[in-house]
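This report concerns only the one structure given below.
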Amino acid sequence: MRLVPRDEWRTVLAALHASGLVYLDLLTAVERDAGLEVVARVVRPGSAAAEVIVAALPADDLRIDSAVPVYPGAAWHERETAEMFGIEFTGHPDPRPLLLRTGLGAPPLRKGTVLAARVVQPWPGEFEPSRPDRAGSPSRRRARPLGVLDGWPDEGGRP
Amino acid sequence: MTVRGVIALIPDACTSCMLCVRECPTWCISLQAHPEQVVDEGARRPRTVNVLDAFAIDFGLCMYCGICVDVCPFDALEWAPDHDYGAATRAGLVQPMERLAAWLAPP
Ligand code: SF4
Ligand code: SF4
């Protein structure tokens, strides 16, 4: 894995492509405490040669150059990464959302996004076999589903 | 090799511990149970056991991650090879305990 300054993202990709790693295997993002990381893996077809490069984006400026001019196959990966993580790939030729409807609000794969379905649907794990009649009773200590933030759903569950 | 066709339940092995229900990332397992007093011969006081009344997996939501199979401390959930459990309606994909138990591969 190689860390790359964000401003050199496309230059580094172009150099990798020129060295024979012409197949884009993966392009996605990972959320960290300080912001997001864009990850790409490129390989040389027919061999084991591969390289993984990572660029860090600060949380308040989620922009990076699109890889599409170098790897046209990055187009769908970037559209998906954009809608799921809220990253802007500058210079993307067709930045429509790939899977989601437009105007859906918060990007679903960000850790701070509470999925609406989780708020409206009762959690089956709340049932307590030893006291079946008391399931959901407010006096009971609430068993909380994994990954749901404190204060959910009463205070909106936002961090 | 594990055949990831469908998830089967061995009802007699399930203690209604709720672990699979609470760990399932898609919330697709539901369970109903009630406590019962069992008097063991020679015991000073009866002990309480949870009796399983209903158990269902919604295969319209299940993503076949296998977490439920892995977390069950009593090996009550198992991968089974069946695959033809399609349904014409969304509700038809919710498979009740009887169906989950019938999926177990014969020994
Ligand atoms: S396989 Fe995963 S999604 Fe399906 S019931 Fe088990 S834990 Fe839930
Ligand atoms: S984890 Fe196993 S024993 Fe516990 S409720 Fe689920 S199937 Fe039953």
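May I ask you to list the GluC sites (Glu not before Pro) in segment B:8-56 that are in a DSSP loop and have at most 16 other Cβ atoms within 10 Å of their Cβ?
Numbers: sites: B:23, B:36, B:41; in loops: B:41.
Those satisfying the criteria are B:41.
Using Cα pairs under 8 angstrom and six or more residues apart, how large is the relative contact order of segment A:1-137, in percent?
Relative contact order comes out at 19 percent.
Provide the per-residue ³J(HN,Hα) series for segment B:14-22, in order, calculated from phi with Karplus coefficients 6.51, -1.76, 1.60 and θ = phi - 60°, each as a whole number of Hz, with x at glycine and proline positions.
Whole-Hz 3J(HN,Hα) from phi for segment B:14-22: 7, 9, 6, 6, 6, 4, 5, 4, 7.
Just to make sure I understand: if all protein chains stay in place, what is the order of A:8, A:31 by accessible area at 1.4 Å, largest first?
Output order, biggest surface exposure first: A:8, A:31.
With runs of 4+ DSSP H residues as the only contributors, calculate the mean residue ellipticity of the protein assembly as shown at 222 nm using -39,500 (n - 2.57) per run, divided by the residue total and rounded to the nearest 500.
-4000 deg cm²/dmol
Scan around residue A:25 for amide H atoms under 5 Å from its own, H built in the peptide plane at 1.01 Å from N, and keep only partners 5 or more places away or cross-chain.
A:41, A:42, A:43
Sorted by accessible area with a 1.4 angstrom probe, largest first, how do B:18, B:63, A:1 fall?
A:1, B:63, B:18
Tell me the trypsin sites (Lys or Arg not before Pro) within segment A:48-116 that lie in a loop according to DSSP and have at most 15 other beta-carbon atoms within 10 Å.
Those satisfying the criteria are A:101, A:110, A:111.
Let me know the shape class of the protein assembly as shown, please: from the alpha-carbon gyration tensor, a ≥ b ≥ c as square roots of the eigenvalues, rounded when a/c is under 1.5, otherwise prolate if a/b is greater than b/c, or oblate.
Numbers: a/c = 2.75, a/b = 1.98, b/c = 1.39.
Prolate.
So which residue, out of B:40, B:58, B:70, gets the largest mean-square fluctuation from a GNM of chain B using Cα contacts under 10 Å as springs?
For chain B, modelled as a Gaussian network with Cα springs under 10 Å, the answer is B:40.
Any idea of residue A:10's accessible area? Nearest 10 Å², probe 1.4 Å.
For residue A:10, the solvent-accessible surface is approximately 70 Å².
Positive end of the dipole of segment A:29-97, charges at C-beta (+1 Lys, Arg; -1 Asp, Glu), about the Cα centre: which of A:67, A:85, A:56 has its Cα farthest in that direction?
Towards the positive end, the residue furthest out is A:67.
Can you put A:98, A:62 in order of accessible area, largest first, using a 1.4 Å probe?
From most accessible down to least: A:98, A:62.
For the protein assembly as shown, what % of the accessible area comes from carbon and sulfur atoms, probe 1.4 Å?
54
In a Debye calculation with equal point scatterers on the alpha-carbon sites of segment A:33-104 and no solvent, what is log10 I(q)/I(0) at q = 0.28 Å⁻¹?
The computed values of log10 I(q)/I(0) come out as -1.33.
Considering only B:14, B:49, B:71, whose Cα is most displaced toward the positive end of the charge dipole of segment B:6-90, charges sitting on Cβ of Lys, Arg (+1) and Asp, Glu (-1)?
B:49
Apply the Karplus parameterisation 6.51 cos²θ - 1.76 cosθ + 1.60, with θ equal to phi minus 60°, to every residue of segment A:9-17 and state each ³J(HN,Hα) to the nearest whole Hz, in sequence, with x for glycine and proline.
Coupling constants for segment A:9-17: 3, 6, 4, 5, 4, 5, 5, 5, 4 Hz.
Just want to confirm a number: the relative contact order over chain B, from Cα pairs under 8 angstrom separated by 6+ residues, in percent.
Answer for chain B is 39 percent.
Interface size between chain B and chain A, please: total buried accessible area, 1.4 Å probe, rounded to the nearest 100 Å². Don't jump to the answer; show the numbers that get you there.
Working: alone 6880 and 9910 Å², together 15510 Å².
Summing both sides, the interface buries roughly 1300 Å².
Nearest 20 debye, what's the magnitude of the dipole of segment A:2-90 about its Cα centre given +1 on Lys and Arg Cβ and -1 on Asp and Glu Cβ?
On the way: 8 positive and 14 negative charges, 84 e Å.
With Lys and Arg at +1 and Asp and Glu at -1, about 400 debye.
Quick one: dipole size for the protein assembly as shown, taken about the Cα centre, charges +1 on Lys/Arg Cβ and -1 on Asp/Glu Cβ, in debye to the nearest 20.
360
The values are calculated or read from the model by the stated rules, or taken from the named source; none is laboratory data. Just so it is clear, the model here is predicted, and its values are computed rather than measured. All Cβ positions, glycine included, derive from the backbone under ideal geometry; neighbour counts span all protein chains shown. Remember, those area values only see protein heavy atoms, side chains included, never the ligands or the DNA or RNA. Shrake-Rupley method; radii C 1.70, N 1.55, O 1.52, S 1.80 Å.
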